[in-house]
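Undergrad: Sending over a structure as structure tokens; questions will come in a sec.
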Amino acid sequence: MMLFSAGCKPDTSSSGRSNYFDLKGYFHAEAARMAKRDPAIVKTSIHNGNSETQHLNIGDWQSEFSLFIASDINKAAWKGSYKADTSGSFISYTARDPDLRTHDILIKKEGNQIKWILIHNYTKRTVFGKNLSETIEKLSYFPDSLYQVQRKQYTRMLGTNIYNIKGLIN
């Protein structure tokens with residue numbers, strides 16, 4: 001089950017520097033590194049309780065990381081839209097506007113090494129006060145170890161779907 005699509009180059013401010021951590025650039029670099037390394041993956045996909053596990057090698061890491069790449073908050077229009085906080089080895093970004101898709105990003109670093117990244121995305125669409133759709137995503141990435149996408153999606157026409165995709169990196 002392919003749940004991901006490819007992303008683009010990161011947007012930067014007029015000075016050419018990113019406003020926040022360059023999530024898009026980081027995952028593009030990770031995709032290139034993982035493609036070169038070509039590790040075996042144990043990938044488990046669960047959709048509404050139905051589970052499937054595969055042992056495979058990922059052919060397109062850009063696509064595999066596309067939801068992470070799409071969570072990048074470095075858009076010129078979003079400058080100042082996130083509260084940034086650095087405390088010790090943690091970097092966090094919290095959306096100031098509840099309508100922004102990416103609500104929270106938490107990054108754990110040791111020196112220049114990323115230890116893990118957690119991302120919370122949320123979208124809701126209403127028309128005339130009626131909820132048409134709602135999506136909650138929790139993305140987790142632990143380099144050379146694990147990546148996970150947890151998604152709960154509600155649409156008025158189809159009801160609720162729950163997805164959990166976990167890739168264990170060998």
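Undergrad: Cut-off under 19 Å on the C-alpha distance; same-chain residues fewer than 8 positions from K79 excluded. Which aspartates and glutamates are left, in chain and number order?
TA: Within the straight-line cut-off, K79 pairs with D11, D22, D97, D99, D104.
Undergrad: Compute the Cα gyration tensor for region 75-128, then decide on rounded, prolate or oblate, letting a ≥ b ≥ c be the square roots of its eigenvalues: rounded whenever a/c is under 1.5, prolate when a/b is larger than b/c in the other cases, and oblate in all that remain.
TA: On the way: a/c = 3.15, a/b = 2.11, b/c = 1.49.
Because a/c hits 1.5 or more and a/b exceeds b/c, region 75-128 counts as prolate.
Undergrad: I would also like to ask the following. Can you sort K79, K36 from fewest to most other Cβ atoms within 10 Å of each residue's own Cβ?
TA: Values: K79 14, K36 8.
If I rank by nearby Cβ atoms, fewest first, I get K36, K79.
Undergrad: Moving on to the next point. One-quarter of the Cα convex hull surface for region 25-170, in nm²? Before the final figure, lay out each step's value.
TA: Values: hull surface 41.3 nm².
Hull-based average projected area comes out at 10.3 nm².
Undergrad: A follow-up question, please. How do L56, L132, L168 rank when sorted from fewest to most other Cβ atoms within 10 Å of their own Cβ?
TA: Details: L56 10, L132 13, L168 17.
So the ranking, lowest neighbour count to highest, is L56, L132, L168.
Undergrad: Over the chain, calculate the relative contact order: mean separation of alpha carbon pairs under 8 Å at least 6 apart, over the residue count, as a percent.
TA: Working: 357 pairs, mean separation 33.3, N = 170.
Result for the chain is 20 percent.
Undergrad: Exposure proxy check: M34, M157 ranked by fewest other beta carbons within 10 Å?
TA: Details: M34 22, M157 6.
Going from sparsest to densest Cβ surroundings: M157, M34.
Undergrad: On a full-extension model of 0.36 nm per residue, what is the gain between D60 and L118, subtracting their alpha-carbon distance, rounded to one decimal in nm? Don't skip to the end; give the middle numbers.
TA: Details: separation 58, 0.36 × 58 = 20.88 nm, distance 2.18 nm.
Gain on stretching D60 to L118: 18.7 nm.
Undergrad: Mind checking region 76-141 for GluC sites (Glu not before Pro) that DSSP puts in a loop (not H, G, I, E or B) and that have at most 16 other Cβ atoms within 10 Å?
TA: Working: sites: E110, E134, E137; in loops: none.
Filter output for region 76-141: empty list.
Undergrad: To continue, here is another question. With +1 assigned to the C-beta of every Lys and Arg and -1 to the C-beta of every Asp and Glu, and no other charges, what is the dipole magnitude of the chain about the Cα centre in debye, to the nearest 20?
TA: Computed about the Cα centre, the dipole is about 320 debye.
Undergrad: Please compute the length gained on full extension between D38 and Q150, using 0.36 nm multiplied by the number of residues separating them and subtracting their Cα-Cα distance.
TA: Values: separation 112, 0.36 × 112 = 40.32 nm, distance 2.40 nm.
Full extension from D38 to Q150 adds 37.9 nm.
Undergrad: While we're here: In whole angstrom, and with the biggest value first, how far do the Cα coordinates of region 84-170 range along each principal axis?
TA: Sorted largest first, the three principal extents are 49, 34, 10 Å.
Undergrad: Over 24 Å between Cα atoms, which of K43/K152; K43/K83; K83/K108; K109/K138 qualify?
TA: Numbers: K43/K152 19 Å; K43/K83 34 Å; K83/K108 17 Å; K109/K138 19 Å.
Table pairs above 24 Å Cα-Cα are K43/K83.
A short reminder: the numbers here are calculations on the coordinates, not readings from a lab. Everything numeric here is computed off the predicted structure, so don't read it as measured data. Glycine gets a Cβ as well: all are built from the backbone with ideal geometry, and neighbour counts include every protein chain shown.
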